[in-house]
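A short write-up of the structure that comes next.
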Amino acid sequence: MGDVSRPGSQPVPRRIGVLGGTFDPVHIGHLRSALEVADALGLDELRLTPNARPPHRDTPQVTPHDRLAMVRCAVEGVAPLTVDARELQRDKPSYTIDTLELMRAELAADDQLFLLLGWDAFCGLPSWHRWEELLQHCHILVLQRPDADSEPPDALRNLLAARSVSDPLALEGPGGNITFVWQTPLAVSATQIRQLLASGKSVRFLVPDAVLAYIEAHGLYRASN
């Protein structure tokens, strides 16, 4: 897959997904969701991109180094999931538009870039830095859940009317459209995992074994942290 070419043909455009988050810690909900999208859309690569200083979230509980290490443990040997650490290398808030601009500059002109967003994050887009420019660089995949029956804010309705595509597999070109991917997420959250660890309870099977081993080896999320 990827940059494959045949005699007399152009290289096949690559299909790259981007899933950002604090990953504090990364858990099976993140990973299962990512794999389902990668499989459904035939992505060549899906990049988990840990946020450094997320503008819309609380400061992560553990260091960027530890969060990055856990994500790397989680995706090792799990194609097509990869890790993109560029946001942790910038000493400023993690603005998605900056990340997409950098990624787009590294790709071929016709490569497709897909930004994965949960429903709540999508509804919050109008508060994002330079949010109107996102679709210049990517398609947006909204991970729709059965319980996400709320209406999007007014600021997004015109955008949806103009840019929405009903079939995710029908997205064409490097970016510019929005589509919805139906998912039934696993009932697990990073907050729940941190609370269990702080109270000395097991989180086995909520995070990959390699991530659990890292948490235990480094004493992360204990009540004294």
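Conditions tested, residue by residue: (1) in contact with a strand residue (DSSP E or B) (Cβ under 9 Å, 6 or more places away or on another chain); (2) without any contact (Cβ under 8 Å) to a residue 40 or more places away in the chain; (3) over 22 Å from residue 95 (Cα atoms).
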{"position": "127", "(1), (2), (3)": "no, no, no"}
{"position": "130", "(1), (2), (3)": "no, yes, no"}
{"position": "136", "(1), (2), (3)": "no, no, no"}
{"position": "144", "(1), (2), (3)": "yes, yes, yes"}
{"position": "151", "(1), (2), (3)": "no, yes, yes"}
{"position": "154", "(1), (2), (3)": "no, yes, yes"}
{"position": "159", "(1), (2), (3)": "yes, yes, no"}
query = Would it be correct to say that residue 212 is surrounded by 11 or more Cβ atoms within 10 Å (Cβ to Cβ), free of Cβ contacts under 8 Å to residues at least 24 places away in the same chain and touching a strand residue (DSSP E or B) at 6+ places or on another chain (Cβ under 9 Å)?
reply = yes
ask   = Can you pull out the residues in the stretch 197-209 that are assigned to a helix (DSSP H, G or I) and surrounded by fewer than 15 Cβ atoms within 10 Å (Cβ to Cβ)?
value = 198, 209
task = Of all residues in the stretch 13-52, count the ones that are charged (D, E, K, R), assigned to a loop (DSSP other than H, G, I, E, B) and closer than 22 Å to residue 104 by Cβ.
result = 2
remark   = Going through the stretch 22-36 in order, the residues found to be surrounded by 20 or more Cβ atoms within 10 Å (Cβ to Cβ) and of a type outside the set (Gly, Ala, Ser) are 22, 23, 24, 25, 26, 27, 30, 31
request  = Determine which single condition residue 104 fails, assuming it passes every other condition in (1) within 25 Å of residue 24 (Cβ to Cβ); (2) in contact with a helix residue (DSSP H, G or I) (Cβ under 9 Å, 6 or more places away or on another chain); (3) part of a helix (DSSP H, G or I).
outcome  = (1)
task = With respect to residue 176, determine if the residue is of a type in the set (Gly, Ala, Ser), part of a loop (DSSP other than H, G, I, E, B) and touching a helix residue (DSSP H, G or I) at 6+ places or on another chain (Cβ under 7 Å).
result = yes
note = Those residues of the stretch 54-97 which are modelled with pLDDT under 95, of a type in the set (Asp, Glu) and not in a helix (DSSP H, G or I) amount to 58, 91
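The values are calculated or read from the model by the stated rules, or taken from the named source; none is laboratory data. Being a predicted model, the structure only gives us computed values, none of them experimental. Backbone-built Cβ (ideal geometry, glycine too); neighbour counts: all protein chains shown.
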